[in-house]
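Here is the structure we will look at.
The values are calculated or read from the model by the stated rules, or taken from the named source; none is laboratory data. It should be emphasised that the depicted structure is a prediction, and the values quoted were computed from it without experimental measurement. For neighbour counting, all protein chains shown are included, and Cβ atoms are generated from backbone atoms with ideal geometry for every residue, glycine included.
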Amino acid sequence: MLARKPLPSLVRELDATRINAVLNHPAVRPHVTLPGQDDLDLSDFVADPANVLLMTEDGSGGIAFHQHEPGIFECHTSFLPEARGRVALAAVRSMIMHMFVATDCMELLTRCPAGNRPAEALARAVGGVLDFERPAAWPTPRGPVAVKHFALRYHDWVKTADELPEIGAWFHDRLEAENARLGVPDEIHEDDPAHDRHVGAAVAMFLCNQPGKAVHLYNRWARFSGYGLINVASVDPLIIDIGSHVLRVHPGNFEVIPCPPEQ
């Protein structure tokens, strides 16, 4: 079994009760509401299946991902004061990974008003890039302030996500173990950190039932890097042809399917 889950622990909420409690907390509400706005209620947001609400297991915070277009989501991040810091940063990174490997997400957007330094620091800490800034575009009780628009895109995220090389290395170790089980020659290539990273992303997507996205994005990289292409041989059960092997994917694992010898 995969020694470390591709997705650290989080919960997709289908009810707004817990996120409403966070958003309307006295220490959070001033940063997420506009002047004169009533208490927030994300019930309609959660009811829309195009949107995604992810929270920590203890309900101390989370991210509301608002779908702008298919594959493009704006992030609204909120954590209770006692949950902020390193723990919140790790949770946010886990939620970002979930979006990139378990949904159709290719681009994450967020807006940071001037003066909200923690929001901007978080956007930069997870790899967000400043796209543009608009003056006097965010209303506050003291008048409008500038707002910075950050973006994190899949092709930038995959270059730096810490979990991916580990998943890629696990995949290659598992493939070697399957070769030994079947008594076939070991044809695993030499260590290649870049390959581990992109294989890790593809494997995470396969394990999260996103085979089409996994094949498309891996093959985009493979063509440019000189590796062979992969394809989905079957969706149910999920069977992946990686050229050198045919794999059947199980929850948290996979096995090599022996192929009959060529006549």
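Listing for the model above:
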item	result
Filtered residues of segment 215-248 (kept if over 24 Å from Glu190 (Cβ atoms), in a loop (DSSP other than H, G, I, E, B) and in contact (Cβ under 8 Å) with a residue 12 or more places away in the chain)	Val235, Pro237, Leu238
Qualifying residue in segment 240-263 (condition: within 19 Å of Gly168 (Cβ to Cβ), among the small types (Gly, Ala, Ser) and in contact with a Pro (Cβ under 6 Å, 6 or more places away or on another chain))	no
Ser78, sole failed condition from (1) over 20 Å from Cys112 (Cβ atoms); (2) outside any loop (DSSP other than H, G, I, E, B)	(1)
So Ser225, is it in contact with a His (Cβ under 9 Å, 6 or more places away or on another chain) and surrounded by fewer than 16 Cβ atoms within 10 Å (Cβ to Cβ)	yes
Selection count where residues are within 15 Å of the chain's Cα centre (by Cα) and free of Cβ contacts under 8 Å to residues at least 24 places away in the same chain, scope segment 40-86	3
Residues of segment 30-56 classified as at pLDDT 85 or above and either under 16 Å from Ser78 (Cβ atoms) or assigned to a helix (DSSP H, G or I) (or both), total	15
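Conditions tested, residue by residue: (1) loosely packed, with under 12 Cβ neighbours inside 10 Å; (2) out of contact with any Asp or Glu (no Cβ under 8 Å at 6 or more places or on another chain); (3) within 25 Å of Ile167 (Cβ to Cβ).
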site	(1), (2), (3)
Leu10	no, no, yes
Leu14	yes, yes, no
Thr17	no, yes, no
Pro35	yes, yes, no
Asp38	yes, yes, no
Leu42	no, yes, no
Phe65	no, no, yes
Phe73	no, no, yes
Leu80	no, yes, no
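Results for (1) without any contact (Cβ under 8 Å) to a residue 12 or more places away in the chain; (2) of a type in the set (Asp, Glu); (3) within 25 Å of Pro237 (Cα to Cα), shown as yes or no for each residue.
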| site | (1), (2), (3) |
| --- | --- |
| Phe132 | no, no, no |
| Ala137 | yes, no, no |
| Thr140 | no, no, no |
| Val145 | no, no, no |
| Glu178 | no, yes, yes |
| His198 | no, no, yes |
